[in-house]
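Values in this text are rule-based calculations from the coordinates and carry no lab data. Because the structure is a prediction, the values reported are computed rather than measured. Here Cβ is always computed from backbone atoms with ideal geometry, including for glycine, and neighbour counts include all displayed protein chains.
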Amino acid sequence: MRLVNTLEKPLELPCFLAHLAGPLQMTASLSPTSAQPSFDRRSPRIFVFLDPLVFTVVPEGPGRGLLEFGERRGDARSLKGEIEFPVASELTPEAPFEHIIFNEQYSTCAFCHADETRAPDVPFARAFESVALRPPDRAVVSVDELRSEVQSCDAASDPYRCAMLHALFDRDGVIQRDFPESYGTL
Ligand code: HEC
């Protein structure tokens, strides 16, 4: 949130990703049933690990303007939040939690992330934690496979997708990292 608020507005998601410092640990997957659906190995849903946070983005499709995140809670749960880009002005600390509220009781994430409860350690917002999910092994797209998409993407015909891939890969190191085995699958 501090980084989002520091950067110039309006802020596009690829610009935010480019400002994440240093080498990044990540994995990707085909994700037909998620808040960021991906049906094409060339544009998978991408998961970036910044412990204890996991960020997720997708280079094309209806979820491409969203930054989803889960802050790890124990072995198999996470605190959920979401920011929609482009961001036009400074965000309040409660904004990522308010954006996912479905009704008095649940967030929109609860449709798939089971066992949702209020997070008592976030007193300034209606915040929710729930079961953390990982992709099944057969859906995983490796960082090496994704790297070849960065090299072959054509910025003239595919500007947003290329900008997002370059923002993630144009840096000193990108390292494959798998989800903890303790996370469930849908
Ligand atoms: C339609 C089902 C669905 C909905 C709704 C959904 N997710 Fe997920 N989510 C998944 C699946 C499936 C995975 C496993 C990775 C994958 O295959 O995309 C996942 C994984 C994640 C992860 C990675 C690990 C973790 O902490 O769980 C995060 C972060 C995440 N989702 C955030 C969210 C947020 C935030 C919302 C609500 C705005 C949300 N998801 C709503 C299906 C969903």
*Which residues, counting only those in the range 132-186, are surrounded by fewer than 17 Cβ atoms within 10 Å (Cβ to Cβ) and assigned to a strand (DSSP E or B)?*
Ile175, Gln176, Gly184
_I need every pair where a residue in the range 91-109 that is in contact (Cβ under 8 Å) with a residue 40 or more places away in the chain and over 19 Å from Val131 (Cβ atoms) has its Cβ under 8 Å from the Cβ of a residue that is assigned to a helix (DSSP H, G or I) and away from the ligand (no atom under 15 Å from the Cβ), sequence separation at least 6 or different chains._
Leu91/Val4; Leu91/Asn5
*Among (1) within 13 Å of the ligand (Cβ to nearest atom); (2) within 27 Å of Pro123 (Cα to Cα), the one test that Val87 misses*: (1)
_Subset of the range 68-124 [of a type in the set (Asp, Glu), touching a strand residue (DSSP E or B) at 6+ places or on another chain (Cβ under 7 Å) and surrounded by fewer than 17 Cβ atoms within 10 Å (Cβ to Cβ)]_ = Glu84, Asp115
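Can you tell me which residue among Ala125, Ala163 is more than 20 Å from Pro32 (Cα to Cα), among the small types (Gly, Ala, Ser) and in contact with a Phe, Trp or Tyr (Cβ under 7 Å, 6 or more places away or on another chain)?
Ala125
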*Number of positions in the range 4-45 that are part of a loop (DSSP other than H, G, I, E, B) and within 10 Å of the ligand (Cβ to nearest atom)*: 8
